[in-house]
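Novice: Structure provided below as structure tokens; questions to follow.
Values quoted throughout were computed directly from the atomic coordinates according to the rules given, and no laboratory measurement underlies them. Every value quoted in this text rests on a predicted model; they were computed, and no experiment measured them. All Cβ positions, even for glycine, are placed from backbone atoms using ideal geometry, and neighbour counts span all protein chains on display.
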Amino acid sequence: MKTIIEPFRIKTTEPIKIISRKERIKALKRARNNVFLLDAEDCCIDLLTDSGTGAMSTKQWAAMMLGDESYAGSKSWKKFERTVQNITGIKHIFPTHQGRAAEGILASTQIKKGDVIPNNSHFDTTRANIEFVGGIAVNLLCKEGTDTGDISPFKGNMDPEKLEQCIAEHGREKIPFAMLTVTNNTGGGQPVSMENIKTVKSILNTHHIPLVIDACRFAENAYFIRQREKGYENRPLIDIAKEMFSHADAATMSCKKDGLANIGGFLICNDDTWAESFRNLLIIREGFPTYGGLAGRDLEAIAVGLMEALEYDYQVYRQATVRYMTRKLEEMGVPIVRPAGGHAAFLDAKKMLPHIPALQYPGIGVVNALYIEGGIRGVELGSVMFGGFDADGNEAASPLELVRLAFPRRVYTQSHFDYLIEVIKEVWQNKADIPGYKITYQTRFLRHFTCHFETV
Ligand SMILES: *Cc1c(COP(=O)(O)O)cnc(C)c1O
């Protein structure tokens, strides 16, 4: 088989600056050893997130010029509504400025204090929105999903038995809806099978509980179904997406992911009563229901982007990039999470740096070494982000110490990835020299964004 090439050529370029190793050490010191506090221009390959960081196509830029900025009922809104309806088959469509705005409106209108919301794994903003209104967010991930060495094809699935138990325990009056996140971001971008979506839906149906899909990476999930699930081998991705949404009563979406746009989101549902409550809150929080916090040109870019994310060649190339990376890392013996997820590679920092105890943050050690050696910005998903304090104020470690390298869409070429692999190789070879860290300043919530570190 020949090399899978990027299915695009480059028309506009954005320069990246490679500063010297010495300058990087200085920049990291200025940022108090926390890569969130670095200037983006000092990161030559920025893999902090795949959210809103993608490159738009010529068709998207052209569509932006057609942006109709009318306050109500614009042409751009009609195009957006038609596209989302075409992909999802869902009746009521509400644009929002981001995914979390959609979650906020859903949570505020449908959740009462003490209600329980099951999900395969809640994304952090979803959990925060549920807990903010007094709800309880529970994760019902399947067993395979919790094992970083397991290579099952659908590690993002919900465990149907746990769902039955959850409903039996709390009763359906306490569960206004359940969610499925496709792909499972928190669980490493692992996909959910069509069979699992159907099973979950049928359990919920017998209890009259609606299913809400967190659809941020719906197109990547559709691609995995086509690749890995029997009966979907030759199906167009849009058909698979339609089938996924045919089991949903509602969905939330961040168009910064598979909308291939830099901003935007939506909230959609079939139920007229839900729609009425969404509309009322949308007007207060986001804007008139035909623009919902977005410019007409954003609606245009998203309408085109959603369809481009469903192009088979695009997904083949995207997943080939992830696989290329992870195969090279496996060949070098670098410990990673397997199989690779849809939008990122995960390094296992605990296994990489066994000489660093969890509370000296091996993940930060790897993240900072990647920056110093190559100007690469990744993110720690370990004891800094997820570790907490127990009742006595003692710091507890997270079970996993991972480093996520998230892949922006259509932004970096194969030579960027070759460079990335070289940098990881260097870090891996010099791992014994990587220091542990301690925190010298932190906030009470979401400390990873702003805390300061010093080496131990
Ligand atoms: C990004 C994301 C969200 C939130 O979307 P924003 O646009 O960042 O507000 C919700 N769920 C999942 C699974 C996500 O990846």
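Novice: Magnitude of the Cβ-charge dipole of segment 340-456, K/R +1 and D/E -1, about the Cα centre, nearest 20 debye?
Specialist: 360 debye
Novice: If you don't mind, another one. When all alpha-carbon pairs of segment 58-308 are counted, what percent fall beyond 23 Å?
Specialist: 47 percent
Novice: Starting from one equal scatterer on each C-alpha and no solvent at all, send me the Debye-based log10 I(q)/I(0) for segment 84-142 at q = 0.19, 0.21, 0.22 Å⁻¹, two decimals.
Specialist: These q points yield log10 I(q)/I(0) values of -0.75, -0.85, -0.90.
Novice: What is the antiparallel percent of DSSP beta bridges lying wholly in segment 187-327, to the nearest 5?
Specialist: Within segment 187-327, antiparallel bridges account for around 60 percent of the total.
Novice: Going by alpha carbons, how many degrees (0 to 90, nearest 10) lie between the helix axis of 272-285 and the longest principal axis of the chain?
Specialist: Relative to the chain, helix 272-285 is tipped by roughly 50 degrees.
Novice: Please report how far the C-alpha centroid of segment 1-67 lies from that of segment 178-209, rounded to the nearest whole angstrom.
Specialist: Here the two parts' Cα centres lie 33 Å apart.
Novice: Right, here's the next one. Is segment 1-129 rounded, prolate or oblate when judged by the Cα gyration tensor, a ≥ b ≥ c being the square roots of its eigenvalues, rounded requiring a/c under 1.5 and prolate requiring a/b larger than b/c?
Specialist: Oblate, since a/c reaches 1.5 and b/c is not below a/b.
Novice: How tilted is helix 21-30 with respect to the longest principal axis of the chain? Cα atoms for both, answer in degrees (0 to 90, nearest 10).
Specialist: 60 degrees
Novice: Calculate how steeply helix 312-331 sits against the longest principal axis of the alpha-carbon atoms of the chain, using the helix alpha-carbon long axis, and give the answer as 0 to 90 degrees to the nearest 10.
Specialist: Long axis of 312-331 versus the principal axis of the chain: about 30 degrees.
Novice: Just need the Rg to Rh number for segment 364-453, please, alpha carbons only, Kirkwood Rh.
Specialist: Result: Rg/Rh = 1.03.
Novice: Now, a different point. Amide H to amide H, which residues 5 or more places from ALA396 or on other chains are under 5 Å from it, using H placed in the peptide plane?
Specialist: Residues meeting the amide H criterion: GLY388, PHE389, ASP390.
Novice: Can you give me the pair-distance distribution of segment 102-228, C-alpha pairs, 10 Å bins, whole percents?
Specialist: 14, 47, 33, 6, 0
Novice: Starting from 0.36 nm per residue, how many nanometres of slack lie between GLN442 and ILE151 once their C-alpha separation is accounted for?
Specialist: 101.1 nm
Novice: If you average over every viewing direction, what projected area does the convex hull of the Cα atoms of the chain give, in nm²?
Specialist: 21.9 nm²
Novice: Sticking with this one: Give me the percent of DSSP beta bridges within segment 58-308 that run antiparallel, rounded to the nearest 5.
Specialist: Percentage antiparallel, nearest 5: 50.
Novice: Please report the antiparallel percentage of the DSSP beta bridges confined to the chain, to the nearest 5.
Specialist: DSSP beta bridges in the chain are roughly 70 percent antiparallel.
Novice: If you don't mind, there's one more thing I want to ask. Between LYS2 and PHE389, what is the label-to-label distance in nm when each label sits 7 Å out along the Cα-to-Cβ direction?
Specialist: Rounded to a tenth, the inter-label distance reads 6.0 nm.
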